[in-house]
1. To the nearest 20 debye, what charge dipole does the range 302-391 have about its Cα centre, counting +1 at the Cβ of each Lys and Arg and -1 at the Cβ of each Asp and Glu?
2. Calculate the length of the line joining the C-alpha centroid of the range 162-239 to that of the range 418-449, in whole Å.
3. For the range 190-286, what class follows from the C-alpha gyration tensor (a ≥ b ≥ c being the square roots of its eigenvalues): rounded when a/c is under 1.5, otherwise prolate if a/b is larger than b/c, else oblate?
4. Counting C-alpha atoms alone, how compact is the range 333-483: give Rg to one decimal and Dmax as a whole number, in angstrom.
5. Report, in debye and to the nearest 20, how large the dipole of the range 138-196 comes out about its Cα centre when Lys and Arg carry +1 and Asp and Glu carry -1 on their Cβ.
6. Identify, among A330, V153, Y450, the residue whose Cα sits farthest towards the positive end of the charge dipole of the chain, taking +1 on the Cβ of Lys and Arg and -1 on the Cβ of Asp and Glu, with the dipole about the Cα centre.
7. Could you tell me whether the range 90-165 comes out rounded, prolate or oblate from its Cα gyration tensor? Rule is a ≥ b ≥ c as square roots of the eigenvalues, rounded for a/c under 1.5, then prolate if a/b exceeds b/c, otherwise oblate.
8. Name the residue farthest towards the positive end of the dipole of the chain from the options I316, Y82, P38, assuming +1 on Cβ of Lys and Arg, -1 on Cβ of Asp and Glu, about the Cα centre.
Amino acid sequence: MKNLNKLYILLFAVLVFATSCEDLTEINEDPNRPTEVPVEYLLTSAERQLGNRLYGGFDNVAFGMTVSQYWAQNEYSDETRYQFRANTNNTFWSDFYTAINDLQEIKKVNTTIDKGQQGINQNAVATILQSWAYHSMVDIYGDIPFEEALQGVDIPSPAYSDQELIYSALIDSVSSAVAAIDPSAPGFPGGDVIFDGDLSKWQKFGNSLLLRIGIRLSDVNPSLAEQTISAAAEGAMKSNADNAAIQYITAQPNVNPLYVSYVVNGRQDYCATENFIELLNGLGDPRIGEYFVPAANTGTFEGLPYGVTSAVAAGISRDAVSQLNPQVYAADFPGTLMGFVETSFILAEAASNGWIGGSAADYYAQAITASMNYWNITDGNAIGDYIAANPYTEDNLKVQKYIAMYYEGWQSWAEIRRLDLESLPAANLVEIDPAVNFVDVSNILNRRLYPQDEQNLNGANYQNAASNIGSDAYDTNLFWDLD
């Protein structure tokens, strides 16, 4: 009997413990802190992360805008001589992949809930933006982790995929995503700081992205370029109102990153380059006053020589050269991912190749007009006169696209390489004097080096990638850059 009583006590204790554990589990599930993040939060996070990296002080500013020779440095001119901060490159890479992973999480969450067409629309939006991010990374570095990326602990050290194969995969992914969207059905209930949930604009963005991918292939794979562009052209952006851009606002922390650098931190480190000012002045381009302000000392537009040493740059007064127009570092100045201007230039090129209908000259005029309008120049007669003075030719298209891509440093850099603008005297780009350069490269860089963290933490795959592209060097061409 005594032993039986002990058994009952033991069984009672077990039951109490089990019940208590069940109750504790329920208590530990905080209803105000769900374990599953709403998909709209993931979208906002990815969009802001990509925008802040693309337009951050050490990314678009200290790399994109300087390598593209729009901006020189008032002092500390290391970046214009290709001396870049390793930590900045590490952060750019990791933040892009964080955003790409957030977009992948949207698709993972949607596999657990049957949302019907809404889930399909959300997945398509995530795929388009994810593809934009991957494409940007390929055109900056070359081979990158793609097929084995985003696997977490399953593949902590992902292999790099061939850049040309990534291009093909992105064409398929974006094409499928655009086709899957039904604008009449719901998408994201909130959180979209690019298009505010407008699915028809996401379709136009996807088609315009296909144009960008296609035109990069024009020299290396013209048949795929024609196929891609001809299929997407009709559904691409129709006006500046369709621009894909991060819509910054005037309230912190959701402001233009350049505003933080220039206004909050007071770091007004950049000014116009001498060669870009000469180009704009020589053409009588009215956008010069929208891009820059006249030099305080003279009241005229003046630029700083590109690629000079920090000592030389510091010796030139800020008042002697044109500084940035304050509108570009306004808190709510948008961060463009792709716009109607670029789309129109691509269509002009495609029309000249016979890949689409329409006149190359008309698309060219459309592109310049859209660029002028974007930069607050709306006098139709003045725009017409400018186009008449710079009529459509292959070389003029190259120069005008370079001018119009101002403030989109990363994409301008890609087009400089594809169009070989450094070899076109009319573009007025300069070679850096190797005697004052940090690296043995005097022309425009062909790519960005892989981050130091990849070399340290993913060494074997890094070495394979470097070998596959030719060398992890600034002068290694990407696969689409034949010259």
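1. Using Cβ point charges on Lys, Arg, Asp and Glu, the range 302-391 gives about 180 debye.
2. Using only Cα atoms, the two centres lie 31 Å from each other.
3. Judged from the Cα gyration tensor, the range 190-286 comes out oblate (a/c at least 1.5, b/c at or above a/b).
4. 18.7, 60
5. About 160 debye.
6. V153
7. Because a/c hits 1.5 or more and a/b exceeds b/c, the range 90-165 counts as prolate.
8. P38
Every number in this text was worked out from the coordinates using simple rules, so none of it is lab data. Keep in mind the model is a prediction, meaning the values are calculated, not measured. Note that each Cβ is placed from the backbone with ideal geometry, even for glycine, and that neighbours are counted across all protein chains shown.
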